[in-house]
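Visitor: One structure is given below, represented as structure tokens, and several questions about it will come after.
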Amino acid sequence: MSRARVARRIAAGAAYGGGSIGLLGAAAVGVLLAEVQLAKRTVGGGVAPLPPGADGLYGRSFRTNDPDSPPLRLALLGDSTAAGQGVRRVGQTPGALLASGLAAVAERPVNLRNVALPGARSDDLERQVSLLLSAPAGPPDVCVIMIGANDVTHRMSATESVRLLSAAVRRLRTAGAEVVVGTCPDLGTIEPVYQPLRWLARRVSRQLAAAQTIVVVEQGGRTVSLGDLLGPEFAANPREMFGADNYHPSAEGYATAAMAVLPTVCAVLGVWPETDRLEPDRHENMLPVAKAAAEAAKEAGTEVTGARAPWALLKHRRRRRLAEPPPGTPAPAPSPEDAHRP
């Protein structure tokens, strides 16, 4: 069965209350469980530090007294990847990187709030969304959700996983927030995981990522494929791109991830300097949603956004560079450490 059909079945099961759809054959389960025990002896051999708190105001140099241009509000939800577990400095977290990047592109300060929880699964999203929506300032302008890896490793039903994600996106969109979801990463890239577990982990995580894309697009959000944690750099340089525990990304890994998600965050707010014109030479296309979701799961950094139903746009924003500033133009924003205010 094609990945697009599997993703559509999972999404349909979530929408209509279907039961769990098994992604692995019964014969594979015994092999998977045996390999998991071997992997546990090496994965997590180091200790990942708790994520530093990154909440605060970024891009303070852009502050004005114009009441029509208040700081943009950015929120991060999800698991340890969204929280930034594995790094020790605020400026190395994905939240700080995204907030600083958004401030530079929009030329407006950005207020960041991160409610992500290390170890969280999709069933924690309801709590995280409630925290955001109960804030006196109102809903964020844009929310970035990174979730799914723990759903796979804890064997949560795929249909339940995407149902919970769909509900979270629906609540945020109803409240007026834009939503960008970094879909389930490719767990087959974890270095100490060996075959056949590596192949099985890749298959399951890509199927979940595709199903996540379908339900997010149907709720009016956009997705960015995290794939092999956003780029061939992880496969080519695992020692550099993974952190001390061989599981969470390093500072370089989070920078790669954040810079892949940033263009979509900017685009959804209308501040990214490009049009939605498709470029075939960049393998951009308009496809049925399920097909676009399956294609995006194959290539990290691919954005999927809804078009006219049942079609979606498949875009590759992360390879596009911003126009070079004129000679002598100063940098538009300070570094994450300088921009951060506790």
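Visitor: Of the residues 95, 101, only one is open to solvent by less than 10 Å² (accessible area, probe 1.4 Å), over 19 Å from residue 220 (Cβ atoms), touching a residue at least 40 places away in the same chain (Cβ under 8 Å) and in a helix (DSSP H, G or I); which?
Guide: Values: 101 fails: open to solvent by less than 10 Å² (accessible area, probe 1.4 Å).
Checking each option against the conditions leaves just 95.
Visitor: Related question: Look through the stretch 260-277, keep the residues that are of a type in the set (A, V, I, L, M, F, W, C) and closer than 19 Å to residue 71 by Cα, and return whichever of them is modelled with the lowest pLDDT.
Guide: 272
Visitor: Would you check which residues across the stretch 178-189 are farther than 27 Å from residue 72 by Cα and not in a helix (DSSP H, G or I) and list them?
Guide: Passing the criteria: 185, 186.
Visitor: Then there's this: Which residues, taken from the stretch 179-202, are touching an Asp or Glu at 6+ places or on another chain (Cβ under 6 Å) and either at pLDDT 70 or above or open to solvent by less than 10 Å² (accessible area, probe 1.4 Å) (or both)?
Guide: 186, 202 - these are the residues of the stretch 179-202 that are touching an Asp or Glu at 6+ places or on another chain (Cβ under 6 Å) and either at pLDDT 70 or above or open to solvent by less than 10 Å² (accessible area, probe 1.4 Å) (or both).
Visitor: Can I ask one more? Which residues, counting only those in the stretch 147-165, are hydroxyl-bearing (Ser, Thr, Tyr) and open to solvent by 10 Å² or more (accessible area, probe 1.4 Å)?
Guide: Result: 153, 157.
Visitor: Let me ask something else. Hey, can you tell me all the residues within the stretch 153-177 that are in a loop (DSSP other than H, G, I, E, B) and in contact with a Lys or Arg (Cβ under 8 Å, 6 or more places away or on another chain)?
Guide: 154, 156
Visitor: The conditions are (1) assigned to a strand (DSSP E or B); (2) open to solvent by 20 Å² or more (accessible area, probe 1.4 Å), and residue 144 fails exactly one of them. Which is it?
Guide: (2)
Visitor: Which one is most open to solvent (accessible area, probe 1.4 Å), of the residues in the stretch 80-92 that are modelled with pLDDT of 85 or more and assigned to a loop (DSSP other than H, G, I, E, B)?
Guide: 89
Visitor: Tally the residues that are over 29 Å from residue 69 (Cβ atoms) and crowded, with 20+ Cβ neighbours inside 10 Å, restricting the search to the stretch 120-141.
Guide: Of the residues in the stretch 120-141, 5 are over 29 Å from residue 69 (Cβ atoms) and crowded, with 20+ Cβ neighbours inside 10 Å.
Visitor: Restricting attention to the stretch 123-133, does a residue exist that is of a type in the set (D, E, K, R) and not in a helix (DSSP H, G or I)?
Guide: No, the stretch 123-133 contains no residue that is of a type in the set (D, E, K, R) and not in a helix (DSSP H, G or I).
Visitor: Of the residues 149, 168, 135, 175, which is within 17 Å of the chain's Cα centre (by Cα) and at pLDDT 85 or above?
Guide: From the options 149, 168, 135, 175, the qualifying one is 168.
Visitor: Does residue 60 qualify as being at negative phi and at pLDDT 90 or above?
Guide: The answer is yes for residue 60.
Visitor: Here's a follow-up. Residues to consider are 39, 48; find the one that is open to solvent by less than 30 Å² (accessible area, probe 1.4 Å), closer than 21 Å to residue 147 by Cβ and modelled with pLDDT under 80.
Guide: 48
The values are calculated or read from the model by the stated rules, or taken from the named source; none is laboratory data. Everything numeric in this text was worked out from a predicted model, so none of it was measured. Every residue, glycine among them, receives a Cβ derived from its backbone with ideal geometry; neighbour counts consider all protein chains shown. The protein model used for the area step is the full one, side chains on, heavy atoms only, and it has no ligands, DNA or RNA in it. Shrake-Rupley method; radii C 1.70, N 1.55, O 1.52, S 1.80 Å.
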